[in-house]
């Protein structure tokens, strides 16, 4: 007996953040009714010496976890995480914070999978 299979709707996309403040800045949020698989993160310090931190905010626990903690970066320095597999649940976020209002960019690739309710 064959069981019916239901295809899961997915979409691949990129996200980016242009962080020019010392505030904790959200650059990606996993949409409601979805899970997200991040496969690539690229962080570049585009201006002035800076210290960057990347966080994974876990919405279910209201907890902010260090993904990259206080990395000193000179102008033009970058870090790439590829390939990686980081699974986010609905409401989870990727956040960036710097110690000076320089210019840190983050680019990421994510595949979002729709999860119907019920």
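Bear in mind these aren't lab numbers, they're just calculated from the coordinates by the rules spelled out. Everything numeric here is computed off the predicted structure, so don't read it as measured data. Using ideal geometry, Cβ is built from the backbone for each residue, glycine included, and neighbour counts are taken over all protein chains shown.
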Rounded to one decimal in nm, the spacing of the 7 Å Cα→Cβ label points at residue 11 and residue 79 is 3.0 nm
Between residue 32 and residue 87, 0.36 nm times their residue separation minus their Cα-Cα distance comes to what?
-> 18.4 nm
Long-range Cα-Cα pairs in the range 22-78 (distance over 20 Å), rounded percent = 33 percent
FRET efficiency for residue 114 and residue 20, Cβ-Cβ distance as r, R0 = 41 Å, nearest 0.05?
-> 0.80
Ordered by fewest other Cβ atoms within 10 Å, a rough proxy for footprinting exposure, 16, 56 read 16, 56
Three principal axis lengths of the chain [C-alpha, angstrom, descending] = 63, 27, 18
